[in-house]
Structure formats: structure tokens, C-alpha cells
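Chemist: Pasting in a structure now, in C-alpha cells, and then I'll have a few things to ask.
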Amino acid sequence: MRALAELFDCEPTEDAVFAYRRATDPDAYATLLLRATGTEWLLIDDGFPVPGEGVTWDRMGELAGCRSAPVMRIERVAEEGLAAGDALDDLRERVRGAVAGARADGFVGLKTVAAYRSGLDVAAPDTVAAEAALDGGPKRLADKALLELLLDDALAANAGTGEPLPVQVHCGFGDSDLFLPRADPTLLGPLIERYAATPFVLLHCYPFVRQAGWLAHVYGNVFLDVSLTIPHVWRHAEMVREALELAPVSKLLYASDAAKTPELYFLAARGWRAALAEVLAEALEPAEAEAAARRVLRDNAIGLHGL
């Protein structure tokens, strides 16, 4: 509240901040918060909020005064097929085709929320069980066998392009419909090894930040962020320390995971900068610390996503 009040030039109380929010045009309010972050690129998951319920990725770039690009949520593509009543072969082809053409269609990455639906303990594809899951015409991709088959199709199509897009994977905490033990990123080991040429970006990670850092240390194709963790977890700097205990600064990416609430973009950027300033200043000489911070805040993502 104090940070927001300073930006809004109002009294540092919840009532004053809320009154400012209520009295300000929504676009102007979002613009103020987004532009205060100093963001150069917004990479936006196209599956949340669901299409039609939120501001589009290109409009988000206009509000933020920066460049923007979409990230394809694999489950969003699959659920469009479920809504259309696709048979299994058609559904698989829909997913493979969308992923194979993702880069040409302007996407800079893929994303899966398998952790929410069935967990990160991804098994080998089972076509028979996936076929059975279509009985009754489900509209949400929640069945484990069906999700695992379509996820494997997506990863194979991505790898088959010869220049696979980075694949973001939700890990760790989130909403209450997630079973936390199945969101441990170490469960992804076999998948990471199977698709060794595909960059995997582990998102959020709390409370498995150290595990994610270990994976980024062990596997050349693994990266991580602690978005959502910052700003929601109290000790921001501690999360950065845990991430960097094993992972090099070349593997850590800034992100906010902000959605729906524009304050989160501002607070995440503020929290990340303060945490990096504290942690890197303790570990490195000033010029080295600044260079490392620039990598985390910008350069790593620019390079990884080919921006």
C-alpha cells in the first residue's frame, strides 16, 4: 500500500489507495502502473484469462508502451478442440498443427499448466486411455492420459520444427485447485531429458525454488523464474538467493505472472529489482552485479526467446 501510495501521490492507507483506483479511468490506471515498471517486452500467456475475457496481448503492449508478443498455452488449443467436438485424431492434429506453426504465427513460446490439471509426473502417452477420456464430450482438459498424450504431441511438434520454442511450465504454488506435491519441478526430469533440445522455463517454483535451481544447474536446457513468488512471498531476496544457490545468473529470468490486477506488474518489478540489488551486491563487485542484474531482468529472456 505504501509503494502504491507513493506512485499515486496519495495517503499511504488502503482507503486512499482504493479511492484513487476507483476514481481513475481503468485504462489510465493500468497504463500508469504498467509504464512505471520500465518494461521493454511483455510476453503474455494467451490462455488466461480465457480468450474474450481479458485485454489482448497487443493491447497490453499499447497500455504498457512497449513491445508485446503472445505465448501459446497448449491446453487452450486443446480445449478449443474439445469444444468443437474433435475426435482424438483430429484433436491431436489440431494441437500438432498449431504448435508446428506457432513461430510463424508470431508466438515466442509455449506454455503448459499440466501441474494444475494432472501433475508434472508426466507418464508415457497412452492412446487407449486418452480415447476413453473423450467419452461424454469433456470441455476441459483435465484427464491425465489425454493431457499427457496431447502434451507429448505438442512437444514433439515443437522439437520437429528444428528450432523449438521455449516451453514454460507452471511449477509450485498457485490456486487452490492445484495439488502441490505434484507440482514439484523435479518430476519433469524424464521429460526434460527426452526433449533435450527444447528449452524449458520453470515458472513460479515456490516452495520448490531450490529444486528448480538444481534442475537449471544440471540441465543445459532448463531455465527458471520466481514470478508469482515475487511479490507474494514475504522475503523476496531470499527467493533470489535460493534460485541462485546452484543456478547461474544466465538461467534466471525476470517475470511477474501478473494478470487481471495491474498493481501486480508494478509490485513484481519493484520487488525483483530490490531483491536483485540486495543479493547481487552481496555476491559480486558493483560492475559485475549490474551486469548480472541486466541479464536476469532483460538479456536472458531476449536471448532465449529470440527477441
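The values are calculated or read from the model by the stated rules, or taken from the named source; none is laboratory data. Please read these numbers as outputs of a predicted model, since none were measured by experiment. Backbone-built Cβ (ideal geometry, glycine too); neighbour counts: all protein chains shown. The area values use the complete protein model at the heavy-atom level, side chains included, leaving out ligands, DNA and RNA. Shrake-Rupley method; radii C 1.70, N 1.55, O 1.52, S 1.80 Å.
Chemist: At a Förster radius of 35 Å, what calculated FRET efficiency corresponds to the Cβ-Cβ distance of Glu288 and Glu131, to the nearest 0.05?
Modeler: Details: r = 55 Å, r/R0 = 1.58.
Using R0 = 35 Å, I get an efficiency of 0.05.
Chemist: For n ≥ 4 DSSP H runs only, could you compute -39500 (n - 2.57) per run for the chain, divide by its residues and tell me the 222 nm figure to the nearest 500?
Modeler: -14000 deg cm²/dmol
Chemist: Select from the range 76-166 those trypsin sites (Lys or Arg not before Pro) which occupy a DSSP coil region and have at most 13 other Cβ atoms within 10 Å, ordered by residue number.
Modeler: Lys139, Arg140
Chemist: Could you do me a favour and compute the accessible area per residue for the chain, 1.4 Å probe, result in Å²? Don't jump to the answer; show the numbers that get you there.
Modeler: On the way: 14330 Å² over 307 residues.
I get 47 Å² per residue for the chain.
Chemist: Let me ask something else about it. Could you compute the net charge surrounding Asp143? Neighbours are other residues with a C-beta less than 13 Å from the C-beta of Asp143; K and R count +1, D and E count -1. Write out the running numbers ahead of the final one.
Modeler: Values: positive: Arg117, Lys139, Arg140, Lys144; negative: Glu75, Glu79, Asp126, Glu131, Asp135, Glu148.
Spelling it out: positives minus negatives among the neighbours equals -2.
Chemist: Extension gain Asp15-Ala156, at 0.36 nm per residue separation less the Cα-Cα distance, in nm?
Modeler: Contour length minus Cα-Cα distance gives 45.6 nm.
Chemist: Given a 1.4 angstrom probe, I'd like the percentage of the accessible area of the chain that is carbon and sulfur, rounded to a whole number.
Modeler: 52 percent
Chemist: Then there's this: Given the convex hull over the Cα atoms of the range 90-211, what projected area results after averaging over all orientations, in nm²?
Modeler: Quarter of the Cα hull surface area: 7.8 nm².
Chemist: How much accessible surface does His236 have with a 1.4 Å probe, in Å² rounded to 10?
Modeler: Only protein atoms counted, so the area is about 50 Å².
Chemist: If every alpha-carbon in the chain counts as one equal scatterer, what log10 I(q)/I(0) does Debye give at q = 0.09 1/Å?
Modeler: Relative scattering, expressed as log10 I(q)/I(0), comes to -0.46.
Chemist: Return the loop-located GluC sites (Glu not before Pro) in the range 198-251 (DSSP other than H, G, I, E, B) with at most 12 other Cβ atoms within 10 Å of their own Cβ; answer none if there are none.
Modeler: Here the GluC sites (Glu not before Pro) that fit, given the DSSP loop and packing criteria, are Glu245.
Chemist: How many percent of DSSP beta bridges within the range 43-201 run antiparallel, rounded to 5?
Modeler: Taking every DSSP beta bridge within the range 43-201, about 0 percent pair in antiparallel fashion.
Chemist: Loop only per DSSP, at most 10 neighbouring Cβ atoms within 10 Å: give me the chymotrypsin sites (Phe, Trp or Tyr not before Pro) in the range 199-288, ordered by residue number.
Modeler: Trp234
Chemist: What number of lysine-lysine pairs in the chain show an alpha-carbon separation below 23 angstrom, given a sequence spacing of 8 or more or placement on distinct chains?
Modeler: Value for the chain: 4.
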